[in-house]
Amino acid sequence: MRFFTVHVRNGRLVLDEPTDLPENTLLELVSTEDILVNGGDLLDAEERAALDRELAASIAEADAGETIDWDDAITELRARHNR
């Protein structure tokens, strides 16, 4: 999911950065305030349940000592990204 920052200027939405989106791309715009009022994310019930399961599994791995060092994780992710 990509996020774009926009501001309202003179009643118009103005994108704060260049974009490579194709012409006529349709975007859904949701205000940050609306997201925060609705729990801080845009997850539906199924996505929320999946997140809860993943968090529980992560906590269980941490409790079992099956975690890796933060620096090692970042190094691995950067290596994957640069392939």
Original post:
Would the stretch 55-66 turn up any residue that is modelled with pLDDT under 90 and surrounded by 11 or more Cβ atoms within 10 Å (Cβ to Cβ)?
Top reply: no
**OP:** Test residue 81 against the criterion of being under 19 Å from the mean Cα position of the chain (by Cα), surrounded by fewer than 10 Cβ atoms within 10 Å (Cβ to Cβ) and at pLDDT 85 or above, and give yes or no.
**Re:** yes
Original post:
Considering the stretch 17-46 alone, what residues qualify as being acidic (Asp, Glu), out of contact with any helix residue (DSSP H, G or I) (no Cβ under 9 Å at 6 or more places or on another chain) and modelled with pLDDT under 90?
Top reply: 17, 20, 28, 33, 34, 44
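The values are calculated or read from the model by the stated rules, or taken from the named source; none is laboratory data. These figures come from a predicted structure and were not determined experimentally. All Cβ positions, even for glycine, are placed from backbone atoms using ideal geometry, and neighbour counts span all protein chains on display.
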